[in-house]
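**Student:** Next up is a structure, given as structure tokens.
The values are calculated or read from the model by the stated rules, or taken from the named source; none is laboratory data. Note that the structure is a prediction, hence the values are computed from the model and not measured. With ideal geometry, Cβ positions are generated from the backbone for all residues, glycine too; neighbour counts draw on all protein chains shown. Keep in mind that these areas ignore ligands, DNA and RNA; they rest on the heavy atoms of the full protein, side chains included. Shrake-Rupley method; radii C 1.70, N 1.55, O 1.52, S 1.80 Å.
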Amino acid sequence: MPNPLRSEGEAFRFLLGAVVYFAAIAIAGVINEWAGLVVFIVLTVAVIVWWWRAQRREPHPVEAVAVPHGPDDERRILVIANETVGGAPLLSRIKELASDANARVLVVTPALNSPLRHLASDEDAARAAAQDRLDRSLAALATNGIHARGQVGDGDPLQAMEDALRTFGADEIVISTHPEGRSNWLERGVVEHARERFAVPIHHVVVDLQAER
């Protein structure tokens, strides 16, 4: 498990937070037992969310991954996208790259989950939502004359890419994200880490769903 306490300052803030956490619960419990229970639940959820976000910000170790190659007469394109999987800029980019008659496209949508559901190992809803996004994206590609395969991947986009590459020797990867400031993937440096890890060309496509609406 990644350690979110990466400095003495963070360790001190954690200790101070722990003191405040238990003190708040104790004080609320003295006032009223129901108030103590409510404070306990609220603070515990806040701690879980903090831990989740700290874990997700932990940088991935850079390890070069060997990418198998497909047949020489094929151009294989791996697409990794979250909520932006049906965005117009992404569809346009895929259409451009897959203009060759021998192009093969695999679209992977990570199963994005909430912190609480992740801790409870409840991924059914996340996978169902990812499958729905994937189906709509594949339908849009088919409308544009691009016949692609798709699969739901791991919630970690880097792991989802690595899993897909084991069976789909991509010649290039397309990563689609929200714009800077609204993208968790960009905040975590997913595109940069992918370029360090996978020795194939990587295209980054930004999809602004708010502008499209």
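**Student:** So which helices (runs of 4 or more DSSP H) are wholly in the stretch 79-188 and hold at least 2 residues that are over 21 Å from PRO201 (Cβ atoms), without any contact (Cβ under 8 Å) to a residue 12 or more places away in the chain and of a type outside the set (A, V, I, L, M)?
**Tutor:** 124-143
**Student:** Among (1) in a helix (DSSP H, G or I); (2) open to solvent by 50 Å² or more (accessible area, probe 1.4 Å); (3) modelled with pLDDT of 60 or more, there is one condition ARG56 misses while meeting the rest; what is its number?
**Tutor:** (3)
**Student:** Right, something else. Just the residues that are at pLDDT 95 or above and of a type in the set (Phe, Trp, Tyr), please, taken from the stretch 155-199.
**Tutor:** The answer is none; no residue qualifies.
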